[in-house]
1. Based on the Kirkwood radius over alpha-carbon pairs, what value in µm²/s does the Stokes-Einstein equation return for the translational diffusion coefficient of the protein assembly as shown at 10 °C and 1.306 mPa s?
2. At a Förster distance of 22 Å, what's the computed FRET efficiency of B:ALA276 paired with B:HIS356, Cβ-Cβ distance as r, to 0.05?
3. Connecting C-alpha atoms closer than 10 Å in a GNM of chain B, tell me which of B:ILE210, B:ILE400, B:ILE197 has the biggest fluctuation.
4. For a bin width of 10 Å, list the pair-distance distribution of segment B:39-78 built from all Cα-Cα distances, rounded to whole %.
5. Grab the DSSP H runs of chain B that are 4 residues or longer, score each as -39,500 (n - 2.57), total them, divide by all residues and round the 222 nm result to the nearest 500 deg cm²/dmol.
6. Under the √(5λ) rule applied to the eigenvalues of the Cα gyration tensor, what semi-axes describe the equivalent ellipsoid of segment A:156-230? Give them in Å, descending.
7. May I ask you to list, by number, the DSSP H helices of chain A whose Cα span along the axis is at least 20 Å and whose average Kyte-Doolittle hydropathy reaches 1.0 or more?
8. Put one equal scatterer on each alpha carbon of segment B:68-107, apply the Debye formula with no solvent term, and list log10 I(q)/I(0) at q = 0.15 1/Å to two decimals.
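Derivation of every value follows stated rules applied to the coordinates shown; laboratory data play no part. Only a predicted model underlies this, so the values are computations on that prediction, with no experimental measurement involved. A quick note on method: Cβ atoms are made from the backbone with ideal geometry, for glycine too, and the neighbour counts reach across all protein chains shown.
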Amino acid sequence: MEKRVVFNNKVLPYLLVAPQIIITLVFFIWPASQALYQSVLQEDPFGLSSTFVGLANFFDIFTDDVYLRSIQVTTIFSFSVAAIAMSTALLLAVMADRVIRAATTYKTLIIWPYAVAPVAAAVLWYFLFSPTVGIVAFYLKILGYEWNHTLKGGQALFLVIIAAAWREISYNFLFFLAGLQAIPRSFIEAAAIDGASPGKRFWTVVFPLLSPTVFFLIVVNIVYAFFDTFGVIHAITEGGPNEATNILVFKVYHDGFLSLELGSSAAQSVILMIIVISLTVIQFRYIERRVHY
Amino acid sequence: MKTFRLLLFVAVFILGVAITSAQAVMDIQWWHAHGGGLGEKVNAIAAGFNKSQSMYKVVATYKGNYHDTMTAGIAAFRSKNPPHILQVFEVGTATMMAAKAAIKPVYEVMGESGLPFDPKAYLPTVTGYYTTPDGRMLSMPFNSSTPVLYYNVEAFRKAGLDPNKPPKTWPEVAEYCRKLVKSGYPAGFSTSWISWIHIENFSAWHNVPIGTKANGFGGLDTEFTYNSPLHVKHIQQLADWQKEKIFIYGGRRNLGNAKFYSGEVAMYTESSAGYAGCKKTCKFPFRTSMLPYWPDAPGAPQNTIIGGASLWVMAGHSPEEYRGVATFFSYLSSPAVQADWHQFTGYLPITTDAYHLTKGQGFYEKNPGMETALKQMTLNKPTENSKGLRFGNFVQVRDINYNELEAIFVGKKNAKKGLGDAVAAGNKLLRKFERANR
């Protein structure tokens, strides 16, 4: 006799998915539609007068040098953060994978920074590099290198990249370590017996097997650098000096909440929304299907 | 029967609440931007008012920094639940003025309340910023300050300089700084709030316009003029002085404070309201003197202008509530409250009575640094160029100035090009504001 569980209740399934749907509607669909609506309006801060301007806000954005520069800065920033965070994490993961004694202690210590709130991490880095009281800035001065990120754009960008990447290393480390531990020992042992050096074993056996993890982390890291680094920029440079660290997501906040230009800010957030949607599509449609062995 | 009893109980309870709330004092919401020690002082003022009468209760709420507070107020207005009183920083003045349906001008609030209100009792250099050209007060000045020169007495002595003779002019500043650097100080002077001090106040102090149409008071079709030869000369000089370590840029807002507190620089131009913080942190004796000026500029020294914030009354409340606001403003303007606020914080008193009261108490003899700001503000009768400024989108203009000044100081542009670019970008924002508020 076949035993089958059949739910005859017509309402229950809807009730069960309702919380998820309500949350998505309230916290994503509704604000996103508001942003879309705002992006075609020109409005004063108080909402006393609003005019429909079509795509004028978008046109203004793409003819604004500050915005174009911000795109450039964001690109450099995101790729640098992803590259630094991933390469360092991979190196640490490979090393931690080989550690035999006190492995848990190492792992715990490396994962720790992830528990630090972005703003707290940023303030920490800010104090290390503060041109007046920072210990790193102090030693750099002794070495004859003048550190003043409040004035020098390159230094400021470097500092926010380091501060943003630092925390992400822990996250990447977890994934890389899990990926490494999923690789069967026999593969590596077979390669070793064939006489492959440790370097060769890594690049020809381990790294290709890690590629799904690598591609997943590339997308996650870029999304992180694009959207979650607001706190770092806000606490360290506020987009300065001379727009050198003014990344897109900070500019949305700056134009919307400080300059009270709601239309332009909304249009910018719509552009960011398109970027994140396309990154997700790439992640699911392209990378997840192409990467296999 | 049981249900009936319960219902009866609930009904009585609701009735009771309704009666008590009808008898209760009326709440006046006051959103402000003062944290820490200043926040406690604000709470003390509210508590003092609440004790002084039994009709109204002012509830002071800290809403974050100036930007946060203004944004919170605007968001509250948009969701139709604004506070009664909103503290807005001086550069937000034009935005608030333009939002006529969102605010209720202070002269109206005071006039309708029937309480005694004399606009002449207030210091003109303070209220000028918040008054229409025909003299009607739009918002109530609350915390106002003006930039002065702070100097490290110990450093002066070490470098063989007389602390009783602070530099009066910029060439003297350079000369003093050279001596300070020679005596072992890493750099001569730095500044906070560079746009406010070295562009806006610099203009007023030298009696040159920041923009046309009487610095924007005369109409929305104003244009910036702070790329005049005098401005270019000053900013270029600051940039050039970096080589000799006479000047060093300290960062945006008042991030440079650490440079003065830690003794990296021996002179510092900063808001008079920074006095309390400096006194708390600095481990050396310091004094203040008036801002330096260029002796070859014909109009200098004129008088400086204020920064800080004022209290705006938001639209959409009942006449009784506005009466409460007016009562509170009268209390706030009283000499005793004002003098106490001034002496505690270093902000300027807003009425002449409060100034005289403080003077009469012998306060300035004990704290000579505290009078510098007032002397400087009232040095001359304000002109068109030194009454204040009223430009739309000025929050963004300050950001543009930070960016361009940083480009100048790092050597990417010269002062002429940088200030020219700043003025051009600023004028674009002025036109945008004009279009939006025609």
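1. On the way: Rh = 29.3 Å.
Calculated translational D: 54 µm²/s.
2. Values: r = 22 Å, r/R0 = 1.00.
Computed FRET efficiency for B:ALA276 and B:HIS356 comes out at 0.50.
3. In the Gaussian network model the winner is B:ILE400.
4. 28, 37, 31, 4
5. Values: 20 runs with 205 residues, N = 438.
Computed mean residue ellipticity for chain B: -14000 deg cm²/dmol.
6. 32, 13, 9
7. Correct list, ordered by number: A:65-98, A:153-181, A:207-223, A:262-281.
8. Cα-only, vacuum Debye calculation for segment B:68-107: -0.31.
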